[in-house]
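Data block below; observations after.
The values are calculated or read from the model by the stated rules, or taken from the named source; none is laboratory data. Small disclaimer: the values here were computed from a predicted structure and weren't measured. Note that each Cβ is placed from the backbone with ideal geometry, even for glycine, and that neighbours are counted across all protein chains shown. These accessible areas exclude ligands, DNA and RNA; they are computed on the full protein's heavy atoms, side chains included. Shrake-Rupley method; radii C 1.70, N 1.55, O 1.52, S 1.80 Å.
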Amino acid sequence: MKKLDIKTPSCESTVWCGEGALAKVLPEALEGRQIFTVTDSNVYELYRELVSRELAPRGHVHVIPAGERSKNYSCLMGILKAMLASGLRRGGTVVALGGGVVGDIAGLAASLYMRGVRLVQVPTTLLSQVDSSVGGKTAIDLCGVKNVVGTFYQPETVIADPVFFDTLPAREIRCGLGEIIKYGALDKDIYIKLIENKNRLARPEFLKGIVYDCIAHKAEVVAADEREGGIRKTLNLGHTTGHAFELFYKRRSHGEFVLIGMYYELYIALRSGICAPEYAQSLISLIKSVVDVPAYENVAEACAGAVHDKKNVGSREIVMVVPAAPGEPRELRLDIGEYTRLLCECAAETEGKK
Ligand SMILES: NC(=O)c1ccc[n+]([C@@H]2O[C@H](COP(=O)([O-])OP(=O)(O)OC[C@H]3O[C@@H](n4cnc5c(N)ncnc54)[C@H](O)[C@@H]3O)[C@@H](O)[C@H]2O)c1
C-alpha cells in the first residue's frame, strides 16, 4: 500500500493505494464519525457484507440505481433530502462507495450539503481509481450535456484498493484501460510501461502497479493546477471527440470512447504534422489492443456535439489536447469545419482498412 498527499490551495487530500488499503484505512478514516454512504445498486449487491460491517453501523446508506442515468438533478436532490432526513450534521462525512458515477454525484452532494461536509472516496472501478476519485471534480449531467453542473471539491481521503477489481466485468476493465492509455499519452514513464506490457494490460498484477502511477501523475497535475486553468487541461486528452461520440453513438463505455476519441484525434495530430508517425502508430496499437475502433458513419453529425463540450461552448473553434511526443501533449485549436472534415476523412480511411 502506498500513500500520496495532494496539496491544493483549497485543501489537502490523502490517497491510499494498493492491496490492503481498504481493510487498513477505512475503519481508521471513519472512526468516531457520523457517516452517510452513497453507493449504487450493483456495488451494494456485491459488497453487502462490507457495507453492513463497516458503513451501515455508522449511519445511513443511500443506494442509487447503477449507471450514468443516475447522474441527474432528481437523484442529486434525493441524496440531499436523505442526508437531511438522516440527521447528517455539519461535522459528518460522506462516503462514496462505487464507480465514477457514485463518486461524482456523492461528491457534488457533499460539497453542497451545509456548504460542504467531509468526503471519503472509495472507488470500486478501475476508471474511478485511476481518474475520477482523485482531483476533486464533482458533477451531474444536464439536458444531455455531461458534467455540466458541478463543483471542485477535494475528498479528504481516497482509498483505492485493487480488491474491487475481482468482481469487475471485462467491459469495465476496458473502460479503465481507456483512461490508463490516456495517461500513457501524457507521461513518458507510463507510456514505456504500457508498451512493455502491451499483451498483458488487463492482468491484475499489471493493473495493481499502473493504478498508482496514474494516480501519481494526476496528483502532480492537480496540485499544480486545481481549477484547470493550465496544465490540468491535458487530462482531457481524447475527451473532446470522445465525449462528442459518446453523446451521439452511445452504447460503449466512457473509457472506450476516450480511446476512440484519442484514435480520431491522433489522426488529426498526424495530419497537422504535430505527432510523429512512429509515435502515433505505437499509441494506435495500444488503443487497438483494448478496443475495436469503429469506422463510424454520420461523423459530421456526431462532431457537432464537440461544440457542447465545456471548453468549446459558444465558439466555432474546437480545442483539444493531442499527443505530440512521449510525455509531451500539446493543445490544438481547429475551426469546426476543418475538425469535422478531418474526422470524416479518418472514418473513411478506417473503413478502407477494415
Ligand atoms: N470526476 C472526474 O474527474 C471524472 C473523471 C473521469 C470520469 N468521470 C465520470 O465517471 C463516470 C464513469 O465512471 P465508471 O466508469 O466508474 O462508471 P460507473 O460508476 O457507472 O461504474 C460502471 C459500472 O460498474 C459497476 N461497478 C462498480 N464497481 C464495481 C465492482 N467493483 N464490481 C462490479 N461492478 C462494479 C457499476 O455499478 C456500474 O454498473 C462518468 O460519469 C464520467 O463522467 C469523472
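Remarks
- Furthest towards positive pole of dipole, Leu119, Cys143, Ser133, structure part region 117-172, Cβ charges: Cys143
- Highest-fluctuation residue, Ala66, Ala276, Ala110 considered, GNM on the chain with Cα pairs under 10 Å: Ala276
- For region 250-259, the Karplus equation 6.51 cos²θ - 1.76 cosθ + 1.60, evaluated at θ = phi - 60°, returns couplings of 6, 6, 8, 7, 3, x, 5, 5, 4, 5 Hz by residue, with Gly and Pro reported as x.
- Rounded to the nearest 500, the helix-only mean residue ellipticity at 222 nm of the chain stands at -13500 deg cm²/dmol, with each DSSP H run of n ≥ 4 adding -39,500 (n - 2.57).
- Cα centroid separation, region 1-63 to region 160-194: 21 Å.
- Carbon and sulfur %, accessible surface of the chain computed with the full protein complex present, 1.4 Å: 53 percent
- Per-residue packing, averaged as other Cβ atoms within 10 Å, sorts the ranges 4-14, 215-225 into the order 215-225, 4-14, beginning with the highest.
- Most mobile of Ile64, Ile192, Ile210 in a GNM of the chain (Cα contacts under 10 Å): Ile192
- Farthest toward the positive end of the dipole of the chain, out of Ala109, Ile173, Trp16, is the Cα of Ala109, where the dipole comes from beta carbon charges about the Cα centre.
- Global geometry of region 2-167, whether rounded, prolate or oblate, following the gyration tensor of its Cα atoms and the 1.5 cut on a/c: rounded
- Candidates Val25, Val102, Val319: whichever shows maximal mean-square fluctuation once the chain is modelled as a Gaussian network with Cα springs under 10 Å: Val25
- Charged-residue dipole, Cβ positions (Lys, Arg, Asp, Glu), region 171-353 about Cα centre, Debye nearest 20: 340 debye
- Amide H partners (placed H, <5 Å) of Ala324, local residues excluded: Arg330
- Shape call, the chain: gyration tensor on alpha carbons, a/c limit 1.5: prolate
- Accessible area of the chain divided out per residue, in Å², using a probe of 1.4 angstrom: 42 Å²
- C-alpha center-to-center spacing [region 205-271, region 73-115] in angstrom: 26 Å
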